[in-house]
Amino acid sequence: MENSPRRHVNIATKGHEVRCGSGGVSWLRVVAALGISAIATITSVSVAAAGPAPIAGAQGMKSGSFLARLKTVSNVASTVPSNGDINPYGIVNVPQTVGALVQGDTLISNFNAASNLQGTGTTIVQISPEGQQSLFAQLGGPLPGKCPGGVGLTTALTILRGGFVVVGSLPVTDAGSGTPKAGCLIVLNSVGAPVETWSGAKINGPWDMTAVQFQGFAELFVTNVLNGTVKAGGGETNGGTVVRINVVDVPGHIPQMISSSVIGSGFAEQLNSSALVLGPTGVSLSSDGTLYVADTIKNRVASIPNAWRRTTPVTHGGTTLTSGGALNSPLGMTLAPNGDIITVNGGDGNAIETSPLGQQMTTVQLDPAGAGGDLFGLTIAPNGRGVLFVDDGDNTLKLFH
């Protein structure tokens, strides 16, 4: 891909073998059998914006801060497709052109149907840098596999090599008036058709996701928010997990999940009347293998070290990197080009930049309305031009640049 900076991280250590998932599956042995090189690739592409509008200035700016140099919010496009789905959650940049996917475009998943009932959204829209929206997928029919409860697309959204899109489903039965169900991860091909589902295997209410991709395989890191949540009936419980899913992703073949492992447990979670469910949400993987997790209920950012190789889970919600301060129920998360962690607050319209050492560097009013509950998914705009984010308040994709 031209004009796409890449960062390579060699995580394979000669003479070492990592066992992941149930049944003692040796991940590196599978990789070796396929003749695959364990070199991670993190890719970004470019995007543009139009219609700028100034926003409130940043507070607590530091010279090395990524957010501090951004000043303007621009509307890119509406995220509402023709069927009226609303409440945009997940967001991911398209890394390469294949099928209906166009390099530089952005995919957005919708959590609500036009009825505004949560856990009933079925669409993924594709938005170009110029703001042209098209429907990438509408998952209204039978799925090619199990997905307990059906379809209610969440923030968990990523694109694998070959143009396979993976999206999380945490559905609510009885058209949004019933009980949240375990759901699944749905795999779609590059033209938006579902080709596979991954359910069970420790997947229980997939809420958000990040991925690291290698030559021939990938690791997906998925937060889960339904482990005991429904049984608690609105009370807080500590069943939230982060699950690493190992996937063989060979060119020309549908990706195959081969194992899954809980690498983080003990995160707070509970049902919520306005947000359906609260629990571990945003996840981002650093180049040294540390996984950062937005712990919404406990108002903190946690870390899980050695996430791509660990064989036992970190308990008690991982290690607290930062808590309180400018954080206000953090939800979505992404990593800035400088390695800092950017989270958006569910309790207000702010974004917070935190260093890997836990210092809260910069606070900006990212949502122009300054309202709580409007921000969820975000990602760094290709080529580091700014931050792309979804605004649930007016169902749009916006760029902070």
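The values are calculated or read from the model by the stated rules, or taken from the named source; none is laboratory data. Computed from a prediction, not measured in an experiment: that's the story for all the values here. Please note: Cβ atoms are built from the backbone with ideal geometry, for glycine as well, and neighbour counts cover all protein chains shown. Only protein heavy atoms, including side chains, enter the accessible area calculation; ligands, DNA and RNA are left aside. Shrake-Rupley method; radii C 1.70, N 1.55, O 1.52, S 1.80 Å.
Note down the accessible area of Thr122, probe 1.4 Å, to the nearest 10 Å².
30 Å²
Given Lys231/Lys298; Lys146/Lys298; Lys181/Lys231, which pairs have Cα atoms separated by over 23 Å?
Exceeds cut-off: Lys146/Lys298.
Which order do the peptides 157-166, 327-336 come out in when sorted by mean C-beta neighbours inside 10 angstrom, highest first? Mind dumping the intermediate values first?
Details: 157-166: 21.7, 327-336: 23.6.
By packing density, highest mean first, the sequence is 327-336, 157-166.
What accessible area, in Å² to the nearest ten, does a 1.4 Å probe give for Cys147?
For Cys147, solvent-accessible area is about 20 Å².
Classify the range 168-241 from the C-alpha gyration tensor, please: rounded if a/c falls under 1.5, else prolate or oblate depending on whether a/b exceeds b/c.
Judged from the Cα gyration tensor, the range 168-241 comes out oblate (a/c at least 1.5, b/c at or above a/b).
Can you tell me how much longer the chain between Asp394 and Leu135 gets when fully stretched, taken as 0.36 nm per residue apart minus their C-alpha distance, in nm with one decimal?
Gain on stretching Asp394 to Leu135: 91.4 nm.
Once you have all Cα-Cα distances for the range 117-175, histogram them in 5 Å bins from zero and send the whole-percent values.
Binned Cα distances yield the sequence 4, 16, 23, 26, 17, 8, 4, 1.
Quick one: length gained pulling Ser274 to Asn116 fully straight, 0.36 nm per residue minus the C-alpha distance? Don't skip to the answer; put the middle values down first.
Working: separation 158, 0.36 × 158 = 56.88 nm, distance 1.14 nm.
Going from the current span to full extension adds 55.7 nm.
Along the principal axes of its C-alpha atoms, what lengths does the range 88-238 span, in descending order and rounded to whole Å?
45, 36, 27
Stretch Asn306-Ala369 to full length: gain in nm at 0.36 nm per residue minus the Cα-Cα span?
Working it through step by step, the gained length comes to 18.8 nm.
Please list, in chain and number order, the residues 5+ apart from Cys147 or on another chain whose amide H is under 5 Å from its amide H, with Hs placed from the backbone.
Here nothing satisfies the definition.
From the phi angles alone, apply the Karplus equation (6.51, -1.76, 1.60; θ = phi - 60°) to the range 127-134 and give each ³J(HN,Hα) in whole Hz, x where the residue is Gly or Pro.
The phi angles translate into 10, 7, x, 7, x, 7, 9, 9 Hz.
Highest mean first, how do 100-106, 134-140 rank when packing is the count of other Cβ atoms within 10 Å averaged over residues?
Highest to lowest by the protection proxy: 100-106, 134-140.
Rounded, prolate or oblate for the range 72-173? Axes are the square roots of the Cα gyration tensor eigenvalues, ordered a ≥ b ≥ c, and the cut-off for rounded is a/c under 1.5.
oblate
Using a ≥ b ≥ c from the Cα gyration tensor of the range 210-290 (square roots of the eigenvalues), is it rounded, prolate or oblate, where a/c under 1.5 gives rounded and otherwise the larger of a/b and b/c decides, a/b for prolate?
Cα axes put the range 210-290 in the prolate bin.
Average the reciprocal distances over every distinct pair of alpha-carbons in the range 334-398, invert the result, and give the Kirkwood radius in Å.
12.0 Å is the Kirkwood radius here.
Over the Cα atoms of the range 225-380, how large are the radius of gyration and the largest Cα-Cα distance (Dmax), in Å?
Using the Cα atoms of the range 225-380, the pair Rg, Dmax is 15.9, 48 Å.
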